[in-house]
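Novice: Dumping the structure here so I can ask a few things about it.
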Amino acid sequence: MQFLTDPTIENRAEQPYVGVRLWIPSKDLSTETIRLLKELRKWMAGEGIEPTGPAFHRFYVINMGTEFDLEVGVPVAEAVAGDGRVRPGSIPAGRYANLTYTGRNNAYKGNKALVEWARETGVAWDRWDDPRGDAFRCRYESYLTDRLTDPDKATWRTNVAIKVED
């Protein structure tokens, strides 16, 4: 694993997207996010909707080692109607701590590095306790490399971003 950027805090604008949200067992995270991304891209193609940025998965509730309340999404130019399974959403505007790393199976290490940096520098997340785990206003990982078309998993680039408490 290689960190391509050091942790930073940046302001991000609101970003509309379409996505599919569900609870996923943590052991199935990798396979389920790819499956959902394929499903979402097929739906978008059928609706004639173009992506405006990299696909991502957004964590609403994390229970490490057990399950995630997760949404796979793709940014779009403006809010669009979904179909019940595919729904519109938006990444909220605000300040986000983030970093970019490489490699397929390095999400844990990338997230850990960002969380440890925040702890050391006094950064607080926009989060709360949920009966099922740790809930976040917005925590997501953007696939800067297209995981469906690039076979070299060692070079995949991912940006992890967590909304900072206002």
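Where a number appears in this text, it was derived from the coordinates with a stated rule and is not lab data. In this text, all values refer to a predicted model and were calculated from it rather than measured experimentally. Reconstructed Cβ throughout: ideal geometry from the backbone, glycine too, with neighbour counts over all protein chains shown.
Novice: Which GluC sites (Glu not before Pro) from segment 102-166 combine a DSSP loop assignment with at most 15 other Cβ atoms within 10 Å?
Specialist: Listed in order of number, the matching sites are Glu165.
Novice: Using only Cα atoms, find the angle between the long axis of helix 107-121 and the longest principal axis of the chain, and express it within 0 to 90 degrees, rounded to the nearest 10.
Specialist: Once rounded, the angle reads 40 degrees.
Novice: Would you calculate the volume per residue, in Å³, of the smallest convex hull containing every Cα atom of segment 61-157?
Specialist: Each residue corresponds to 144 Å³ of Cα convex hull volume.
Novice: Measuring from the lowest to the highest alpha carbon on each principal axis, how far does segment 1-60 reach, largest first, in angstroms?
Specialist: 38, 31, 22
Novice: Sticking with this structure for a sec: Counting every Cα pair in the chain, what percent are over 19 Å apart?
Specialist: 55 percent
Novice: Say each of Ala13 and Asp146 gets a label point 7 Å from the Cα, pointing the same way as Cα to Cβ; how far apart are those two points in nm?
Specialist: Result for the modelled spin labels: 2.4 nm.
Novice: So what is the calculated 222 nm ellipticity per residue for the chain, using -39500 (n - 2.57) for each DSSP H run with n of 4 or more, over all residues, to the nearest 500 deg cm²/dmol? Kindly include the intermediate steps, with their values, before the conclusion.
Specialist: Working: 2 runs with 34 residues, N = 166.
Rounded to the nearest 500, the figure is -7000 deg cm²/dmol.
Novice: Of Met64, Met44, how do they rank once you tally other Cβ atoms within 10 Å and put the fewest first?
Specialist: Sorted ascending by nearby Cβ count, the order is Met64, Met44.
Novice: Just the number: Rg to Rh for segment 112-166, Cα atoms, Kirkwood Rh, two decimals.
Specialist: 1.09
Novice: Give me the angle, in degrees from 0 to 90, between the Cα long axis of helix 29-47 and the longest principal axis of the Cα atoms of the chain, rounded to the nearest 10.
Specialist: With both axes taken from Cα atoms, the answer is about 40 degrees.
Novice: Mind putting a number on the dipole of the chain about its Cα centre? Charges go on the C-beta only, +1 for Lys and Arg and -1 for Asp and Glu, and I need it in Debye to the nearest 20.
Specialist: Rounded to the nearest 20 debye, it is 360 debye.
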